[in-house]
Amino acid sequence: MFAITGITGNVGGEVASNLLAAGRPVRAVMRDVRKGEVWAKRGCDLVGADINEVAALMTAFKESEGVFLMVPPNFDPSPDFREARSIAAKLSSALDATRPDKVVYLSTIGAQATHSNLLSQHTMIEQALRKLSLPITFLRPGWFMENSAWDVAPAKNGVVQSFLQPLDKPVPMVATADIGRTAAELLQETWSGHRVVELEGPRRVTPNEIASTFAHFLGHPVRVEAVPRETWESLFKSQGMRNPTPRIQMLDGFNEGWIEFESGEAGSRKGNTTLQTVLRTLIEREAKS
């Protein structure tokens, strides 16, 4: 039995779908089992568990061959990242108590960075899980291509804004389909100790290319504008963020190049889903909504 957290999201759903396609039994772990009807119909066991509830997590993880772990994103954490520290402790307790055969934790590119930033939340969780004597793979994907979902509506109006800069700088990006497929493959492998797998798409993508790809599919010119760095703090605060500094630091890390794969581009695993495939899907999905 493979316990899959985050199954109602894009990545967790892809992990589960790939395991089911391989004939492997899946336990769907979700906060609200009422949202799990589609997975129950596909033959999954349903377990209700919040990432902050150790007892519920223990129920979800017990007697499992493998666990896929992902934590809900927190874009506005406390300055001391207390939320991530708490989650790290609870995950560690639940895993240590249940001792699954193996774990794949969805981390991030740049988890090894020493500069504090939004992704440091994953650094802290990785550090906590590394204290466990369990086979654990830390899957570190690049920037999600699906982040461009926010750009579909602006692209229809001809202008996309980018925090990734310079606009011609290639960025390591990856599709959620590739993340889910890779995680499912890793869960079915056998290894000992702790390992890191870094994952990106077939090739790196520039903000300019995102705009030109939108233009191709939408049939009209689309240009990309760099959001001025000096406006970020006031902009994020106007959007309701209390502590925008970690997000700004993360963007700086991508733009300055210190958020990168530990093994570099040459050492990362490559997915096969292209930016074109992802943007076409996002456009079609938005048209149906």
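By how many nm would the segment from residue 65 to residue 243 grow when fully extended, if each residue of separation counts as 0.36 nm and the alpha-carbon distance is taken off? Provide the component values of the computation, followed by the final result.
Values: separation 178, 0.36 × 178 = 64.08 nm, distance 3.91 nm.
Taking 0.36 nm per residue and subtracting the Cα distance, the gain is 60.2 nm.
What number, rounded to the nearest 500 deg cm²/dmol, is the helix-based mean residue ellipticity at 222 nm of the chain, given -39500 (n - 2.57) per DSSP H run of at least four residues and division by all its residues?
Dividing the helical sum by the residues of the chain leaves -12000 deg cm²/dmol.
Name the most mobile residue of 165, 276, 121, meaning the one with the largest mean-square fluctuation, in a Gaussian network model of the chain with Cα contacts below 10 Å.
276
Taking the Cα centre of the stretch 220-289 as origin, work out the dipole magnitude from +1 charges on Lys and Arg Cβ and -1 charges on Asp and Glu Cβ, in debye rounded to 20.
380 debye
Work out, step by step, the length gained on full extension between residue 76 and residue 147: first 0.36 nm times the residue separation, then minus their alpha carbon distance; give nm to one decimal.
Roughly 23.9 nm would be gained on extension.
What does the convex hull of the alpha-carbon atoms of the chain project to on average, in nm²?
Reported value for the Cα convex hull: 15.0 nm².
Which loop-located trypsin sites (Lys or Arg not before Pro) does the stretch 85-177 contain, where loop means any DSSP state but H, G, I, E or B and the Cβ has at most 15 other Cβ atoms within 10 Å?
Here the sparse-neighbourhood loop sites are 130, 131.
Normalise the Debye intensity by I(0) for the stretch 18-82, one equal point scatterer per Cα, no solvent, then take log10 at q = 0.12, 0.13, 0.25 Å⁻¹ and round to two decimals.
-0.38, -0.44, -1.17
Computed over the Cα atoms, what is the radius of gyration of the stretch 164-289 divided by 2.2 N^0.38 Å, N being its residue count?
Expressed relative to 2.2 N^0.38 Å, the Cα Rg reads 1.25.
Normalised by the empirical 2.2 N^0.38 Å for globular proteins, what value does the Cα Rg of the stretch 1-157 take?
1.07
Given 0.36 nm per residue, what is the gain on full extension from residue 217 to residue 89 after removing their alpha carbon distance, in nm?
Extra length from residue 217 to residue 89 when fully extended: 41.5 nm.
What fraction of the Cα pairs in the stretch 68-151, stated in percent, has a spacing above 19 angstrom?
More than 19 Å apart: 39 percent of the Cα pairs in the stretch 68-151.
For the stretch 249-289, what does the alpha-carbon gyration tensor say about shape, rounded, prolate or oblate, given a ≥ b ≥ c as the root eigenvalues, a/c under 1.5 as rounded, and a/b over b/c as prolate?
oblate
Obtain the nm distance between the two label points defined at residue 21 and residue 280 by a simple spin-label model: each point lies 7 Å from its Cα along the Cα-to-C-beta direction.
So the label points at residue 21 and residue 280 sit 1.7 nm apart.
With both partners inside the chain, how many of the DSSP beta bridges are antiparallel, as a percent to the nearest 5?
Restricted to the chain, the bridges split so that about 5 percent are antiparallel.
FYI, it's all coordinate maths here, none of it is from the lab. This one's a predicted model, so the numbers in the text were calculated from it and none came from an experiment. As a convention, Cβ positions derive from the backbone with ideal geometry for all residues, glycine included, and neighbour counts pool all protein chains shown.
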